[in-house]
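Colleague: One structure follows; several queries about it will come next.
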Amino acid sequence: MPYKFTFDISKAPQHFFIELAIIGNQMGMQKIFEKTLRVLIKKFRIQEISGLDVQDAVVLIQDLLEIQTLNLIQKQEFLKTKKRALFLPHCCRKYMDSRCQAVFEPSLPSYVCAHCSPDCPVNKAEHVAREKGYDVYVLSGASCMPDILKQKNYDGVVGVACGAEVMLSGKKLNCMDVAWQSVSLLKNGCSNTFFNMETLAKTL
Ligand code: SF4
Ligand code: SF4
């Protein structure tokens, strides 16, 4: 797990994410000062909500802002893409044990969801993405990405992952000349993670 800490900001107020978006849009590529982040963290009680100490909260929010900026930079290129895939992290499956009926297909390499649980985030996200013409993969890690991209020649990717993993994957996708957009996990921990389905639907 790239982060040295676990977090859960899924209960942060909607206004926090709106303010984050406004700051991200205004600041663009400029460095966001730590002081600004600390004000934001205090204002929205992110430490209380997430259980993080202030320094880890600063790292997390800085990453979320940077990812938002990278999404903005990539957006026009991404909109031109014709063949797209959605990459979901295996950690957002409803079950991480044998109750998950997904089968890992090494030739892809990806889990193939068996749709056993209507309320599973993978199942829901796959449904939305397929309706929009995406192929969907459930990855056990970013290292699976290059194989899939080489086999299928996607020119656009939407990825869901924790911030640290998005940063790593984004660099790989840039090297492969694939335009991308990302949706950050709001709860990490490598199992029972959480992302906002509405944000994903808008991004797709
Ligand atoms: S819906 Fe798919 S990913 Fe979710 S638990 Fe069932 S088989 Fe696994
Ligand atoms: S995407 Fe999920 S499994 Fe991968 S490092 Fe982040 S929390 Fe862990």
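Read-outs throughout are calculated quantities, based only on the coordinates presented, and are distinct from any laboratory measurement. Only a predicted model underlies this, so the values are computations on that prediction, with no experimental measurement involved. Reconstructed Cβ throughout: ideal geometry from the backbone, glycine too, with neighbour counts over all protein chains shown.
Colleague: Which residues, taken from the range 48-86, are surrounded by 16 or more Cβ atoms within 10 Å (Cβ to Cβ), of a type in the set (D, E, K, R) and within 24 Å of Lys124 (Cβ to Cβ)?
Modeller: Correct list: Arg84 only.
Colleague: Let me ask something additional. Quick check on Val157: is it more than 18 Å from Tyr111 (Cβ to Cβ) and touching a strand residue (DSSP E or B) at 6+ places or on another chain (Cβ under 8 Å)?
Modeller: Spelling it out, it is not the case that Val157 is more than 18 Å from Tyr111 (Cβ to Cβ) and touching a strand residue (DSSP E or B) at 6+ places or on another chain (Cβ under 8 Å).
Colleague: Do we find that Thr69 is farther than 15 Å from Val166 by Cα, assigned to a helix (DSSP H, G or I) and not small (Gly, Ala, Ser) in this structure?
Modeller: Taking the combined requirement at face value, the residue does not satisfy it.
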